Structure formats: structure tokens, C-alpha cells
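One structure is given here, and the rest of the page talks about it.
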Amino acid sequence: MNKEQFMELLDYYFRNVDETTYREIKNDYEEHFRIGVENGKTEEEISTELGNPREIFNECKEAGIIRENNLFGMFNLDSIGDFFNSKIFDQSKDKDYDLSQQTLEFDNDFHRIEVKSNADIDVSTHELDKIIVTYTTTDETQKLDVDYMNHVLKLGKVKMEKFFQKSFIKSISIKIPQDSDLGLNIATASGDVNVDVISNDVTCNTSSGDVNITTQSNNVNVNTASGDVQVSKCKKEIYVNTVSGDVKVNSENPEITVNTVSGDIEIDVNENKDLNVRGVSSDINIHIKEKKGSIELRTVSGEIQIDSYYKDSSKKISKSHDQSFSNDEIEISAATVSGDITVD
């Protein structure tokens, strides 16, 4: 088949894939046709080398590089109100305001803190046996919404009927006791999130804010559209979904899952437990201090570099690279469409 026929079939089989993801894939195949023609090949020869579009789609899907309708089960805005507040009506965020500061104190008898706001959010520890919340507002008559029941402290809210109004709360700072193990559930549309705690599980959902989490707890779960994410010290399980933000993970040996469309990924661990990394146009760099286990890496057109410690049992499937490196014990899996993958 010629280029036009090949691309039409590619359009058909990838018709239900996220538009941003498919654009990266399609551009990559168009580039292969361009290079092939410059090297004197016919369109038919190039099509044969690239493989059947249906098989290409199935292989990308099986590799976890794409999923139909909703790539990676990716980030969903918590509400339309969050979207409008963050993308349209909170454009005045960077302006200078006269800020009023308010402080609230709570007993240390909560199992979880839930925060929902368009503000920047900071959580850290202190030596006191109580929870202290400090927030800034551009209008001192506008108070932070507070609710608590069943040992859950809820701070802030985004009201659907008011999503055309700007947010008055600009920052929220939360101090918790050092020995507290309460869970943290944070949602913000456009604010940055900074969490530096000791033993608290953290769940964070944000549209465009950057996320920086340091915790020695068992679990960190982050979903963001365009913000950068950095996670440090988590012991057991780290899960990150992002569309265009870069992801950095620095920890000892947790199970790690990272999904991104165009953000770059850098993982630095002492020893590999289970790593599952997927990207579309992402460059993926994995650094392992104590090497053991097995690694599975997948990319459509990017380069793969692997430390010589791992045995190379790579194979070529259609246009995608499917490479597996084994040393018996544990597994790393990484996939990208056009980015490079490095493991050292």
C-alpha cells in the first residue's frame, strides 16, 4: 500500500485514541515515510517495513502505550467548576493583593484531612500535638470553608453554582504533629502543592499546579494534567498520572507506576522492585543503585539504553521496540512511543 492508504488505515484503527497521543504517533510515522523517500525507497517498500496498521495498533495497546477513549485512565477534573476557576476565571492569580491571614486550630483526633481549593497548599509537620491551619485571602470577609465529621477534617470547597467567581483564598498552610499518621487527600485546580511529612499517605489531584511530595509513608497517589510532579522517600507504592508534566521519583525500593503523554520521567531508586512506566513522547531515565531483577522496556521509535548488568533478550515487533532484560528476581516495565529510554 502507498502512504495515503497506510495513513488512512492508521487513522481508522486509532480513531478512539486520545487525540494528543495519536498526533504524536501519526507524526512519527509520517516522519518515517519522509526519511524513507529521501533514502530512495518507494512508499510501498516503506509501508511493508512499517507493518500492518492494525497490528501496530494492537501492539501499542498490548504494550500499554495507548488505550482507547481515555489514555491511561488519565486525569479527570473533579468538577466543571474546578476547570473554569483554574483555566479562565483565576487568571488574576499572579497579581499583587493585600492579603489577610487567618489561623485555625484543631485537636489532633482526625484520621484524615481533605483539602479542596484553587489555592497553593503546603503541608508540613511540627512538634505540637494539634493541627494548625493558616490561610491567606484577598477579602477578609471570605472565610475558609471548614467541616468535620467521622474523624475527617474537610478544608475548602469549590461550589458548582459559583464557578464563574474568582477564588479569594490564595494559600493554605497546614501543620500536623510529627507523629501523626493521618491520611492527606488534596485537590486543587491551579494551585501548587507542597507536602513534607513523615508517615502520612498522600493522594493529590490537580489540574495545572506543580506537586512536590516528601513522605516516608506507604502510598503516594498523584493525578495532574500539566503540573510537574516530584515524589521522594515513599516506601511502598507510588502512582503518578500526568498529561504533560515531568515526573521525578527518588526513593529506596517502592513499587512505582508512572503514566504520562509528553512529560519526561526520571526515576532514581536504590534497588528495583516493580517499575511500570508508560509514555508517548517521553524520555524515560531510570537509575538503579543496586541492580537486580528484570526489566521490560517498550518504545515505538525511541532509543533504549540499558546497563550491561542486565541480559539483553530484545526483539523487534513491527515498528515498536519490545525489549526485556532479565536477572531472575524483579521486573521493570517501561514504554514510550517516540521518546528515549535509559536504564543505568
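Checking the condition out of contact with any strand residue (DSSP E or B) (no Cβ under 9 Å at 6 or more places or on another chain), at pLDDT 50 or above and of a type outside the set (A, V, I, L, M), which residue from 139, 96, 129, 90 passes? Walk me through how you get there before you give the answer.
Values: 139 fails: out of contact with any strand residue (DSSP E or B) (no Cβ under 9 Å at 6 or more places or on another chain); 129 fails: out of contact with any strand residue (DSSP E or B) (no Cβ under 9 Å at 6 or more places or on another chain); 90 fails: at pLDDT 50 or above.
Unique residue meeting the criteria: 96.
Only one of 170, 157 is among the charged types (D, E, K, R) and in contact (Cβ under 8 Å) with a residue 60 or more places away in the chain; which? 170 is the lone residue from the list that is among the charged types (D, E, K, R) and in contact (Cβ under 8 Å) with a residue 60 or more places away in the chain.
Restricted to the range 1-40, and to residues there that are touching a helix residue (DSSP H, G or I) at 6+ places or on another chain (Cβ under 8 Å) and assigned to a loop (DSSP other than H, G, I, E, B), the residue that is nearest to residue 243 (Cα to Cα) is 18.
Return the total of residues in the range 191-213 being in a loop (DSSP other than H, G, I, E, B) and either surrounded by 23 or more Cβ atoms within 10 Å (Cβ to Cβ) or without any contact (Cβ under 8 Å) to a residue 60 or more places away in the chain (or both). Break it down into steps so the answer makes sense when it comes.
Let us first name the residues in the range 191-213 that are in a loop (DSSP other than H, G, I, E, B), namely 191-192, 197-201, 207-210.
When the remaining residues are screened for being either surrounded by 23 or more Cβ atoms within 10 Å (Cβ to Cβ) or without any contact (Cβ under 8 Å) to a residue 60 or more places away in the chain (or both), the result is 191, 197, 199-201, 207, 209-210.
Total meeting the criteria: 8.
For the range 246-274, give me the residue count where each residue is out of contact with any helix residue (DSSP H, G or I) (no Cβ under 7 Å at 6 or more places or on another chain) and assigned to a loop (DSSP other than H, G, I, E, B). Step through it out loud before you land on a result.
First, the residues of the range 246-274 that are out of contact with any helix residue (DSSP H, G or I) (no Cβ under 7 Å at 6 or more places or on another chain): 246-258, 260, 262-274.
If we keep only those that are assigned to a loop (DSSP other than H, G, I, E, B) too, we end up with 246, 252-254, 262-264, 272-274.
Qualifying residue count, the range 246-274: 10.
Considering only the range 275-284, state which residues are surrounded by fewer than 24 Cβ atoms within 10 Å (Cβ to Cβ) and in a loop (DSSP other than H, G, I, E, B).
283
Rundown of residues vs (1) in contact with a strand residue (DSSP E or B) (Cβ under 6 Å, 6 or more places away or on another chain); (2) modelled with pLDDT under 85; (3) closer than 30 Å to residue 25 by Cβ, yes/no style:
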{"position": "167", "(1), (2), (3)": "no, yes, no"}
{"position": "174", "(1), (2), (3)": "yes, no, no"}
{"position": "189", "(1), (2), (3)": "no, yes, yes"}
{"position": "200", "(1), (2), (3)": "yes, no, no"}
{"position": "218", "(1), (2), (3)": "no, no, no"}
{"position": "223", "(1), (2), (3)": "yes, no, yes"}
{"position": "228", "(1), (2), (3)": "no, no, yes"}
{"position": "256", "(1), (2), (3)": "yes, no, yes"}
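Given the criteria within 10 Å of the chain's Cα centre (by Cα), outside the structural domain of residue 108 (by TED's automatic domain parsing), closer than 26 Å to residue 125 by Cα and buried (at least 21 other Cβ atoms within 10 Å of the Cβ), does residue 245 qualify?
Details: within 10 Å of the chain's Cα centre (by Cα): yes; outside the structural domain of residue 108 (by TED's automatic domain parsing): yes; closer than 26 Å to residue 125 by Cα: no; buried (at least 21 other Cβ atoms within 10 Å of the Cβ): yes.
When the stated conditions are applied, residue 245 does not pass them.
Every condition in (1) under 22 Å from residue 223 (Cβ atoms); (2) modelled with pLDDT of 90 or more holds for residue 134 except the one numbered (1).
The values are calculated or read from the model by the stated rules, or taken from the named source; none is laboratory data. No experiment lies behind these values; they were computed from the predicted model shown. Virtual Cβ from ideal backbone geometry, glycine too; neighbours counted across all protein chains shown.
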